[in-house]
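Read the structure below first, then the notes.
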Amino acid sequence: MVYQITMLQNKIYQNFIREIFKTFIVILLGLTLIAWTVRAVNFLDLIVESGYSTSTYFQYSLLNLFGILTKFIPLAFLLSLMIFILKQIQEKEFLILWTSGVKKIKIVNLFFLVSIFILSIYLIFSAFITPLALNKSRSIISQNNFNSFLPTVRVQQFSDSFEGFTFIVEKRVNNNIEKVFIHDKSNTLKNLTPNQNTNSSTTIVAQSGIIEEKKMILFNGQIISSNRSNNKYEIIKFEQLNIDLQNLQTGAIKQPKLQETSTFDLFQCMNASKNNYTTSCKQNTKKEITTVLNRRIVLPLYIPIISLICSFLIVRTQNRKNFFSNKYSVFILSFLVLLFAELIIRYTGLSKTVSILFFVTPIILTPIIYFFLTLKLTRESIK
């Protein structure tokens, strides 16, 4: 008989865990897709207007999905656990467990166990998977040259999608352009004039032109080549000018940002001396690296605190009115914990004391809240 009851309770616990995870995944994916859709519009401006192909855009935006998903894990866990607990209370599922002899501390431990698993997922994503995905998205930009020059053309607006290469057109119909102005400091057009060197810049003015994928044909204009070292310039008129644009470099950042650097490399940067700094280390200070490491490794430690605060919902209340006020207070308190962690993490790189405080807080607070919750449940059982 005891064995059957134990098996039944274990089955109920498994159903609880399954229900929490189902709700967690639905909320996490929902929040992620909403945020990703908004970000995808910005990615479209960044990628397509820089001349990259549509496939590059999709690869870049999909890999950035991991970064968005990781940020929503704590909030998704809070909402999923709140929804589950309130649903079980409303349907009196917990009441059946209490009357059958199940101790509330077992449910608290169940929530805590789930939070440890969520913590592990959060840690794996933030410390390993997300940096790898973001780094891969950056490499897609750096390894792929622009696909077509045409998307970068904006009428009556200066376009600086390419390094050292600025241009503007007054009118455009399909791939035909009129009144073209080009200024090049990148030496992409250095072969157009005989005396061009690294200190030279080229300006082209033309009445009209035709744009192909990586080629521009201009008509009736002039080339003005100026030498910045001796302030000399020369003017060459033309009826037709063919310009090869395939050597243009986009202005998109190609070096990995700090968020895109692997956790292992960041630890190496923290331990390296100034003489042994790698390129990625030189671009960022140890304060910035400390902030990123705290976000990846320490922030997940706040997840169990959320489960313990939510567990106060199963503590007996005197009346229905108090229960509803308790529901909102638990959510607000849990949300404030996440908000506190998100705000304080920004200052961890500025002060060693703040960094230590940020690390120690969940380690100390978790057992304190667990003890207080256990004490409250013990007093409740005595009553």
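Below, the figures for the structure above:
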{"read-out": "Sorted by Cβ density within 10 Å, fewest first, the residues I303, I345", "value": "I345, I303"}
{"read-out": "Long pairs among K136/K286; K11/K104; K257/K286; K92/K327; K22/K327, criterion Cα-Cα beyond 20 Å", "value": "K136/K286; K22/K327"}
{"read-out": "Two-site FRET efficiency, I297 against T54, from Cβ-Cβ distance with R₀ of 35 Å, rounded to 0.05", "value": "0.45"}
{"read-out": "Relative packing of peptides 126-138, 27-39 - highest average C-beta neighbours within 10 Å first", "value": "126-138, 27-39"}
{"read-out": "Sequence of D244, D265, D184 once ranked by neighbouring C-beta atoms within 10 Å, starting from the fewest", "value": "D244, D265, D184"}
{"read-out": "Extension gain from Q222 to Q156, taking 0.36 nm per residue of separation minus the Cα-Cα distance", "value": "21.8 nm"}
{"read-out": "Pairwise FRET efficiency - E213 versus V173, Cβ, R0 = 22 Å, nearest 0.05", "value": "0.80"}
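Values in this text are rule-based calculations from the coordinates and carry no lab data. None of these values were measured; they are calculated from a predicted model. Don't worry about glycine lacking a Cβ; one is built from the backbone with ideal geometry, like all the others, and counts go over all protein chains shown.
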